[in-house]
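Have a look at the structure below, then the notes.
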Amino acid sequence: EMCIRDSLCFFFQAEDGIRDFCLSRGLGDVYKRQALDVVYEDYEMVKLTIPYIPGFLAFRELPHVVKLIDKLKKENPSIVPEVFLVDGNGVLHQNGFGFASHLGVVLDTTTIGCSKKIFFVDGIGRDKVKSIAPKLRRGGDWEKLQGDSGRVWGAALKSHDESTDPMIISVGHKISIETAVELVKSCCNFRVPEPIRQADLRSRSIIRDFDRKFKN
């Protein structure tokens, strides 16, 4: 199975509050930017040899992501971010260790899980998120997702005024849920945080170009 590994797109936003949440050399270098900008993009065509198994995505795709990040570190060390937003879950996972956590541990860096879907964990599932959604009235409103055990596993975030389904935010590695939510909020123009949204849009465009090339 052939696959385009998602582009890596890093954004930085000049908001006063960001200093409190992410003390990053990368952020400092581009701190005067007044809007979210793409400062780096890369992709790789890969052949996937491991089947997709729900809950074990990292074993299938993590090596390819790490390869792209290692390339970035080698070629553009001045813009390597200290926080990675991951399209997937962190500790809010049936094994307590989703793609975002796996990536953070392997790279020994800070990661945040940003998911459009939710695993059923400790009594937290779709019904719980649906019951919380009406309470989130404006973009930026959020509520912690607390399981039956009393543990806080993540947060439901209304990332944009027009969004109806919350984004599911969870700690990946080396960050608190409060800081993770504030950082994700600063990256949202739409429901999905802009780094993940742009990576998805650009990788889909690459796939379409690839398909057209080989069909013709």
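The values are calculated or read from the model by the stated rules, or taken from the named source; none is laboratory data. Just so you know, these numbers come straight off a predicted model, no measurement behind them. Positions of Cβ are backbone-derived with ideal geometry, glycine not excepted, and every protein chain shown enters the neighbour counts. For the accessible areas, the whole protein counts, side chains as well, though only heavy atoms, and no ligand, DNA or RNA atoms are used. Shrake-Rupley method; radii C 1.70, N 1.55, O 1.52, S 1.80 Å.
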_Which numbered condition in (1) modelled with pLDDT of 95 or more; (2) open to solvent by 30 Å² or more (accessible area, probe 1.4 Å) is the only one that GLY90 fails?_
(2)
_Whether any residue in region 141-151 is open to solvent by less than 20 Å² (accessible area, probe 1.4 Å) and at pLDDT 95 or above is what I want to check._
yes
*asked:* Quick check on my filter: what residues within region 79-102 are closer than 14 Å to LEU57 by Cα and acidic (Asp, Glu)?
replied: ASP87
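In region 113-216, which helices (runs of 4 or more DSSP H) lie fully inside it and hold 1 or more residues that are more than 20 Å from the chain's Cα centre (by Cα) and without any contact (Cβ under 8 Å) to a residue 60 or more places away in the chain?
126-132, 194-215
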*Test set (1) in contact (Cβ under 8 Å) with a residue 60 or more places away in the chain; (2) open to solvent by 40 Å² or more (accessible area, probe 1.4 Å); (3) hydrophobic (A, V, I, L, M, F, W, C); (4) touching a helix residue (DSSP H, G or I) at 6+ places or on another chain (Cβ under 6 Å) - ILE79 fails condition number*: (2)
*Failed criterion for ASP108 (all others in (1) modelled with pLDDT under 90; (2) farther than 27 Å from HIS160 by Cα hold)*: (1)
*In this structure, does PRO81 turn out to be on the phi < 0 side of the Ramachandran plot, assigned to a helix (DSSP H, G or I) and not hydroxyl-bearing (Ser, Thr, Tyr)?*
no
*With respect to GLY55, is the statement that it is modelled with pLDDT of 90 or more and among the small types (Gly, Ala, Ser) true?*
no
*If a residue has to be within 19 Å of VAL192 (Cα to Cα) and crowded, with 18+ Cβ neighbours inside 10 Å to count, how many in region 111-128 make the cut?*
7
*Before we move on, is SER170 polar (S, T, N, Q) and out of contact with any Ser or Thr (no Cβ under 9 Å at 6 or more places or on another chain)?*
no
